[in-house]
Amino acid sequence: MFGNLKQLGQLKSLHDQMQSERYTVERDGICVVVTGALSFERVSIADDVPREEIADRVVGVCNEALTKAQRAMAQRLMSSGS
């Protein structure tokens, strides 16, 4: 029983650490920062990005940032042995 509580505490600690991490992707004049909670912290658009291309570029970079965060968290969970 106490072993399960210890594991639960370790998982909570790992969860808290992952939530505080940030994942950044910069491409094509767009910079996106995603948190470990998979929420967007910042989206920056360079002045030289053509207006008609902003939406497509933002969507692509946002998807890439979310994938980067998900993969990093999955890797971390697998390496923790949980």
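The values are calculated or read from the model by the stated rules, or taken from the named source; none is laboratory data. These numbers come from a predicted model, not from an experiment. Please note: Cβ atoms are built from the backbone with ideal geometry, for glycine as well, and neighbour counts cover all protein chains shown.
Scan segment 1-51 residue by residue and report those that are among the aromatic types (Phe, Trp, Tyr) and either surrounded by 12 or more Cβ atoms within 10 Å (Cβ to Cβ) or closer than 14 Å to VAL61 by Cα (or both). Residues satisfying the conditions are TYR23, PHE40.
Only residues that are more than 13 Å from GLU21 (Cα to Cα), within 8 Å of the chain's Cα centre (by Cα) and of a type in the set (Gly, Ala, Ser) were counted in segment 62-82, giving 0. Touching a strand residue (DSSP E or B) at 6+ places or on another chain (Cβ under 8 Å) and modelled with pLDDT under 95 - does that describe any residue in segment 36-57? Within segment 36-57, one or more residues are touching a strand residue (DSSP E or B) at 6+ places or on another chain (Cβ under 8 Å) and modelled with pLDDT under 95. The single condition among (1) among the aliphatic types (A, V, I, L, M); (2) surrounded by fewer than 12 Cβ atoms within 10 Å (Cβ to Cβ); (3) touching a residue at least 12 places away in the same chain (Cβ under 8 Å) that MET73 does not satisfy is (2). Among the residues making up segment 1-35, none is of a type in the set (S, T, N, Q), at pLDDT 95 or above and farther than 16 Å from LYS68 by Cβ.
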